[in-house]
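Heads up: the structure comes next, in structure tokens.
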């Protein structure tokens, strides 16, 4: 769709045909990194028992610079500005800042509070973890406690225990937590941007306070942090043989297979760009591909930068993504859950992990100089992005457009509000210059 023009509005309506934990966010440049995000919880039956749902716990890197200034640096040919560090790490929007990090005279108030959660020992709580950050992988834990992972993204899984939950940008996990100790205790909840290739952060640790039912409100925990996983440079999610869907689903033989190579290049003007099969993505705000396909325009030879892969009438597609660079990428697929067949460092050897019931989710970490292989059924006609969810990588072009059953897209009755949004955007851009310095999404 076209962007929502200033002083205009758009009402989103969608069918909640899956349930679980998700989030909404702007998809205009890297705008969401400035805070245009929020949690979405769709309630449904539970395959596990717990006493209380503590609701969404949003984990987020935070930048003090205005987002457009960061994008200007990322998209410049200044190598120093291309490396942007987050200033803070937040849990539900809070984390006192280390004022000693301020060097330019900006006022800094040390009297700030942590997010707080009140629990009762012996009860079991559901935590809905969401990484809504711009760039950093998050490693979540609670001092002195095991966590039981029960879902990833929108997919319920067979429960397994861990001390640390890894979340790339865009990923969600529902976990269970049973407090142990005395009713007067208080413990730290922590999330850490961790790993040489997984985050760039000036204040990498975010904390929140878990107060037991008789602990004073002003209690400050003295608990010790859990040891974080060894940084192996991959920024990987938990092994696929651990993350087994509770409700089984077996992928069919794919009717088509695509290979996609991710590269980072420096163009003729010295700007760093990410490419997928040799092309960096660049959108045209005034020509959304869904509306073009609805008008029977399925081919764009003069716009190769839209990175369109027309999947035609195929019933199931397998995609092997090879990452030919040193950055990890949380790869997100719009419109579908994908079977994650294999991931790892190096090229795919053809094996499938748990072939009768592979992990399903909509975002999966692609390791440096490694691969992910995934598959999904083409049962949702439309135009869907596959992109890295690190905002700065997406700004630099790391996206492709997957067109699904285009002849059926032509039969859609596009809601009037979508066409009207483009009319309003066209009117706005006819009178205002839009400075699109990045991919646009």
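The values are calculated or read from the model by the stated rules, or taken from the named source; none is laboratory data. Keep in mind that this is a model prediction, so the values were computed, not measured. A quick note on method: Cβ atoms are made from the backbone with ideal geometry, for glycine too, and the neighbour counts reach across all protein chains shown.
Would you be able to say whether some residue in the range 252-260 is closer than 24 Å to residue 159 by Cβ and either touching a strand residue (DSSP E or B) at 6+ places or on another chain (Cβ under 6 Å) or not assigned by TED's automatic domain parsing to the domain that holds residue 152 (or both)? Within the range 252-260 (the criterion being closer than 24 Å to residue 159 by Cβ and either touching a strand residue (DSSP E or B) at 6+ places or on another chain (Cβ under 6 Å) or not assigned by TED's automatic domain parsing to the domain that holds residue 152 (or both)), the answer is no, since none of the residues qualifies.
Listed conditions (1) under 30 Å from residue 61 (Cβ atoms); (2) in contact (Cβ under 8 Å) with a residue 24 or more places away in the chain; (3) surrounded by fewer than 18 Cβ atoms within 10 Å (Cβ to Cβ) are all met by residue 374, apart from (3). Looking across the range 66-77, the residues that are part of a loop (DSSP other than H, G, I, E, B) and surrounded by 14 or more Cβ atoms within 10 Å (Cβ to Cβ) come down to 75, 76.
Looking at 258, 246, just one residue is under 25 Å from the mean Cα position of the chain (by Cα), surrounded by fewer than 18 Cβ atoms within 10 Å (Cβ to Cβ) and closer than 30 Å to residue 42 by Cα, and that residue is 246. Candidates 184, 120, 162, 192: the one that is buried (at least 23 other Cβ atoms within 10 Å of the Cβ) and at pLDDT 95 or above is 192.
Residues are listed down the side, and each one gets a yes or a no for (1) loosely packed, with under 14 Cβ neighbours inside 10 Å; (2) closer than 20 Å to residue 288 by Cβ:
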site: 4; (1), (2): no, yes
site: 9; (1), (2): yes, yes
site: 37; (1), (2): no, no
site: 44; (1), (2): yes, no
site: 58; (1), (2): no, no
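From the list 393, 387, the one residue that fits, being at pLDDT 95 or above, in the same structural domain as residue 285 (by TED's automatic domain parsing) and part of a strand (DSSP E or B), is 387. When residues in the range 14-35 are screened for being out of contact with any strand residue (DSSP E or B) (no Cβ under 6 Å at 6 or more places or on another chain), without any contact (Cβ under 8 Å) to a residue 40 or more places away in the chain and in a loop (DSSP other than H, G, I, E, B), 5 of them pass.
Whether any residue in the range 253-272 is without any contact (Cβ under 8 Å) to a residue 24 or more places away in the chain and part of a loop (DSSP other than H, G, I, E, B) is what I want to check. Yes.
Among residues of the range 304-329 being within 20 Å of residue 440 (Cβ to Cβ) and touching a helix residue (DSSP H, G or I) at 6+ places or on another chain (Cβ under 9 Å), the one that is surrounded by the most Cβ atoms within 10 Å (Cβ to Cβ) is 329. Please enumerate the residues belonging to the range 342-376 that are closer than 11 Å to residue 250 by Cα and more than 19 Å from the chain's Cα centre (by Cα). Within the range 342-376, 354, 355, 356, 357, 358 meet the criteria. Within the range 234-248, residues that are at positive phi reach partners that are in a loop (DSSP other than H, G, I, E, B) with beta carbons closer than 7 Å, at six or more positions or on different chains, in the pairs 235/137; 235/168; 235/195; 235/197; 235/198; 235/328; 235/367. Given the structure, is residue 110 surrounded by fewer than 21 Cβ atoms within 10 Å (Cβ to Cβ) and at pLDDT below 95? Yes, satisfied.
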